[in-house]
1. Looking at the range 242-277, which of the residues that are farther than 22 Å from TYR395 by Cα and free of Cβ contacts under 8 Å to residues at least 12 places away in the same chain is surrounded by the most Cβ atoms within 10 Å (Cβ to Cβ)?
2. Of all residues in the range 295-343, how many are modelled with pLDDT of 95 or more, under 28 Å from SER231 (Cα atoms) and of a type in the set (Val, Ile, Thr)?
3. Within the range 192-223, count every residue that is polar (S, T, N, Q), part of a helix (DSSP H, G or I) and out of contact with any Lys or Arg (no Cβ under 7 Å at 6 or more places or on another chain).
4. For the range 51-68, give me each residue that is out of contact with any Gly (no Cβ under 7 Å at 6 or more places or on another chain) and crowded, with 16+ Cβ neighbours inside 10 Å.
5. Closer than 23 Å to ALA116 by Cβ and either touching a residue at least 60 places away in the same chain (Cβ under 8 Å) or not small (Gly, Ala, Ser) (or both): does that describe ARG80?
6. Among the residues of the range 302-333 satisfying the criterion of being hydrophobic (A, V, I, L, M, F, W, C) and under 13 Å from LEU420 (Cβ atoms), which is surrounded by the fewest Cβ atoms within 10 Å (Cβ to Cβ)?
7. Across the range 410-430, which residue is modelled with the lowest pLDDT among those that are outside any helix (DSSP H, G or I) and either crowded, with 23+ Cβ neighbours inside 10 Å or among the basic types (Lys, Arg) (or both)?
8. Which condition breaks for ALA124 when tested against (1) surrounded by fewer than 24 Cβ atoms within 10 Å (Cβ to Cβ); (2) in contact with a Phe, Trp or Tyr (Cβ under 8 Å, 6 or more places away or on another chain); (3) at pLDDT below 85?
Amino acid sequence: MESKGNIRYRLAHRTPFFYGWIIVLAAFLGSFAGGGLQSFTFGVFIKPMSDSLGWSRAALVGALTVRTYVSALLGPLFGRVVDQHGPRHIMAASALIGGIAALLLTQVRELWQFYAIFALLGLAGGTGAGALVVQVTVVKWFVRLRGRAVALSTMGNAAAGAILAPFVGFVIIQSGWESGWTTMAVIFLVLLLPVSLLMVRQPEDVGLFPDGAKTNEELNQTYASRSGRESAVSWTLKEALRTKALWLILAAQVVGGAPVSSIVLHEFSFVTDEGFSSILAATILSTHAVSASMARLIWGFLVERYHVRYCFAISSSGAAIGVLFLLVGLKLNFLPLLFLFAVVYGINVGGHAVLTSVVTANYFGRDFVGTIRGTLMPITTTSVALGPVAVGLAYDFLGSYFQAYAVMLIMFFISAIIMLMAKPPTKIME
């Protein structure tokens, strides 16, 4: 509970709008900074660093696996901390660690150094500034408007692809990959550190209710109106683990997580390997990023009206169709299909971040959402982390990305089917 005299409590009651939107803005900027160390922006470092240092693509991508697993191991701890104490101190530490680590990356010359620094970045670009900490906080602040709030906050990651990746790519072309990492250090220290100080665990901590509701009765009316789409009661971790729904949700995220993380990371290299220019590949990547970013708000509104499992299934199926356009377009050397891929895939995969952030709270309530998501994070992270490495290895052995992308197309469809089976559980009140 925040004291009435501190700056966050005063801001919460003096801002002319609901303070939850400040939380959304802070989460957006956190995702933007964290996104700079993930798939979209990391992709522009792969070729220049590989050429300069003589490392294979699989070896470079392996650093993301190290970072992601460090994040996953911290997930259970950080999830409980966010539920009990809020995200502020974790985000501040993440900003400092991310800035220092990005500066250290400018000096790497050995692969072990690269891996060691990315292990450190697990605190900054993964759990600390990523989906777990900031999105768990956002879903605690909203119920009726949860979909759009999560959508807006997760747009930071896609915005990193649309804005930060091309900018960093330009810096790399002009001044080298070392300057690209220096740019990332500035992003962490200038953007993420200040906004972390504004974060509050949940509206009740500053005397407010979710969505800006005036009374507890108004909040209860919101839950009643959304019966069947969102749980009005909270499930503990132990209770949630006993439900079939949680394990089906987990399976859907594991199967669908690998394609989401892998396709974007290797997309730039795939397109250029097939004979298209770097400028054209970067444009396709940016189109994909912009489509994903804009579509998140659409998915946010949709998940407020329709059940999250139906939205999830449509999103995964649409992503599979998008990948099909990419494969056919590259095979036929037909440029319009590549841009159709960027739009169709971007629109559908844009729902992934929104829906995976919303689903746990919608099924199991607000109170323990961090604990539940954090506990499962080592499992969901496995596919996210190993997918890009597997694709990189497939390229190294086969000399092409085609086979790996065809497998990921199928995985999207399987994920959709699994999610449709995840019927919401009913909690028996004693």
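1. Step by step, filter the range 242-277, then rank; the result is TRP247.
2. 1
3. 3
4. TRP55, ALA59, LEU60, GLY62, ALA63, LEU64, THR65, VAL66 - these are the residues of the range 51-68 that are out of contact with any Gly (no Cβ under 7 Å at 6 or more places or on another chain) and crowded, with 16+ Cβ neighbours inside 10 Å.
5. Numbers: closer than 23 Å to ALA116 by Cβ: no; either touching a residue at least 60 places away in the same chain (Cβ under 8 Å) or not small (Gly, Ala, Ser) (or both): yes.
In short, no.
6. So the first thing to find is which residues in the range 302-333 are hydrophobic (A, V, I, L, M, F, W, C), and the list is 302-303, 308, 311-314, 319-321, 323-328, 330, 332.
Still in the running and under 13 Å from LEU420 (Cβ atoms): 308, 311-314.
Details: VAL308: 29, CYS311: 23, PHE312: 29, ALA313: 22, ILE314: 19.
That would be ILE314.
7. Applying the first criterion (outside any helix (DSSP H, G or I)) to the range 410-430 yields 421-430.
When the remaining residues are screened for being either crowded, with 23+ Cβ neighbours inside 10 Å or among the basic types (Lys, Arg) (or both), the result is 422-423, 427.
Details: ALA422: 94, LYS423: 92, LYS427: 72.
Once the filter is applied, the top-ranked residue is LYS427.
8. (1)
The values are calculated or read from the model by the stated rules, or taken from the named source; none is laboratory data. These numbers come from a predicted model, not from an experiment. Note that each Cβ is placed from the backbone with ideal geometry, even for glycine, and that neighbours are counted across all protein chains shown.
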